Amino acid sequence: MNLDVRWKQRFSNFKKATLQLTEFIEKGELNKFEVQGLIQCFEYTFELAWKTMKDYLQQEGFDVKSPRRTIQTAFQVELITDGHTWIDALEKRDLLAHTYDEARAKEAEELIRNKYYRVICELCSKLEEYL
């Protein structure tokens, strides 16, 4: 498949996931089940985000395979501006898996709302410019 087409198809899915995440964020206070939904939505949105970056970077001629290398390269070419937050989100994926623990789920919700959501939206806007 043409790399140009692949990143654009992946971006389309990433954009839809980002819109779903936005609905959670804009809803305001969430009950514990909605918090779990928010966290799961963030998890697949983050997964689509780094894979969309990877596809875009490969189409641009970069050899990136791992999420960490993809994030580092995206930062170097100024596709993203806050590499530290992206790496933090990558490293916190294990924390996010423990949504059954309400204290951890609350911590994850705060990180998503106050740090990670912003960088997801920035990437979405930036990639929109390249369509």
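The values are calculated or read from the model by the stated rules, or taken from the named source; none is laboratory data. Just so we're clear, the structure is a prediction, and the values are computed from it rather than from any experiment. When we count neighbours, we look across all protein chains shown, and the Cβ atoms used for this are built from the backbone with ideal geometry, even at glycine.
Somewhere in segment 73-86, is a residue under 22 Å from G37 (Cα atoms) and in a helix (DSSP H, G or I)? Checked against the condition, which is being under 22 Å from G37 (Cα atoms) and in a helix (DSSP H, G or I), segment 73-86 yields at least one hit. In segment 63-105, the qualifying residues are those that are of a type in the set (S, T, N, Q) and within 15 Å of the chain's Cα centre (by Cα), and the one that is farthest from R118 (Cα to Cα) is S66. When R104, R69, R118 are screened for being basic (K, R), without any contact (Cβ under 8 Å) to a residue 40 or more places away in the chain, farther than 20 Å from I25 by Cβ and in a helix (DSSP H, G or I), only R69 passes. Put simply, of V64, V77 the only residue that is in contact with a Lys or Arg (Cβ under 6 Å, 6 or more places away or on another chain) and over 14 Å from F14 (Cβ atoms) is V64.
Any chance segment 16-28 includes a residue that's free of Cβ contacts under 8 Å to residues at least 60 places away in the same chain and crowded, with 19+ Cβ neighbours inside 10 Å?
As a first pass, look at segment 16-28 and keep what is free of Cβ contacts under 8 Å to residues at least 60 places away in the same chain: 16-17, 19-20, 23-24, 26-28.
In the following step, the residues that additionally are crowded, with 19+ Cβ neighbours inside 10 Å were identified as 17, 24.
Yes, because at least one residue in segment 16-28 is free of Cβ contacts under 8 Å to residues at least 60 places away in the same chain and crowded, with 19+ Cβ neighbours inside 10 Å.
Of all the listed residues (R113, R93, R69), the sole one being modelled with pLDDT under 95 and surrounded by fewer than 18 Cβ atoms within 10 Å (Cβ to Cβ) is R93.
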